[in-house]
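This report concerns only the one structure given below.
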Amino acid sequence: MARRDRDAIAEAIRRRFTERYIDPALTATKKHGFTQMAIACLMLEALESLLQGRKRSIIPNERSFTDFLDREPEFAALKGHGSVFITSVRCGILHQAETTRGWRILRSGALFDGDRTLNAVKFIRALQHVLNKHCDELKRLNWGDKRWNATRRKMGKICDNCHP
């Protein structure tokens, strides 16, 4: 692939996220909302790291979640809930193997009910939409655009991580 083949790079990013996060969450023979939401939290953090060009994530990075949930229109229902989301859902799943503070994960209903219930399938689909929107934008943007600069910065770090 040419060094500036925007289409190929954007498709490689889309493929990477689809293979690692979306397909395992949505196409598994046995699905469970809890597992889907765990995958969604990993994807959200990785996607926000890519979008911001962060060379590494600082865990837990509350700002990644709050910025992402407040900025992306697909997650408008969760705007302002990033802090409680990260502690009750992301950190609950990762550190306690369960959600906390009464949060529930289902695979039906609204993406977020405005209280403490999430639809894991709609959450993953919304992440997929953000990913696709970003990859499609990368194809249209000039190589020197700030979003390409962020993408190259993150992808460079990913390549660096391949070496011992």
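Which of the residues that make up segment 44-56 are under 15 Å from Phe85 (Cα atoms) and surrounded by fewer than 22 Cβ atoms within 10 Å (Cβ to Cβ)?
If the condition is that a residue be under 15 Å from Phe85 (Cα atoms) and surrounded by fewer than 22 Cβ atoms within 10 Å (Cβ to Cβ), then Glu45 is the only one that fits.
Which helices (runs of 4 or more DSSP H) does segment 1-55 wholly contain that include 3 or more residues that are touching a residue at least 60 places away in the same chain (Cβ under 8 Å), over 14 Å from Ile158 (Cβ atoms) and of a type in the set (Asp, Glu)?
none
Taking the conditions exactly as written (surrounded by fewer than 18 Cβ atoms within 10 Å (Cβ to Cβ) and not small (Gly, Ala, Ser)), does Asn119 satisfy them or not?
Values: surrounded by fewer than 18 Cβ atoms within 10 Å (Cβ to Cβ): no; not small (Gly, Ala, Ser): yes.
No; evaluated as a whole, the condition is false for this residue.
Take segment 72-86 and flag every residue that is surrounded by fewer than 20 Cβ atoms within 10 Å (Cβ to Cβ) and β-branched (Val, Ile, Thr).
Val84 - this is the single residue of segment 72-86 that is surrounded by fewer than 20 Cβ atoms within 10 Å (Cβ to Cβ) and β-branched (Val, Ile, Thr).
This table checks each residue for (1) in contact with a helix residue (DSSP H, G or I) (Cβ under 9 Å, 6 or more places away or on another chain); (2) at pLDDT below 95; (3) not in a loop (DSSP other than H, G, I, E, B).
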residue	(1), (2), (3)
Ile105	yes, no, yes
Ala110	yes, no, no
Phe123	yes, no, yes
Leu127	yes, no, yes
Lys133	yes, no, yes
Glu137	yes, no, yes
Lys154	yes, yes, yes
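Look at Ala126 and say whether it is within 14 Å of Met37 (Cα to Cα) and among the small types (Gly, Ala, Ser).
Considered against the rule, which asks whether it is within 14 Å of Met37 (Cα to Cα) and among the small types (Gly, Ala, Ser), Ala126 comes out as yes.
The values are calculated or read from the model by the stated rules, or taken from the named source; none is laboratory data. Everything numeric in this text was worked out from a predicted model, so none of it was measured. Reconstructed Cβ throughout: ideal geometry from the backbone, glycine too, with neighbour counts over all protein chains shown.
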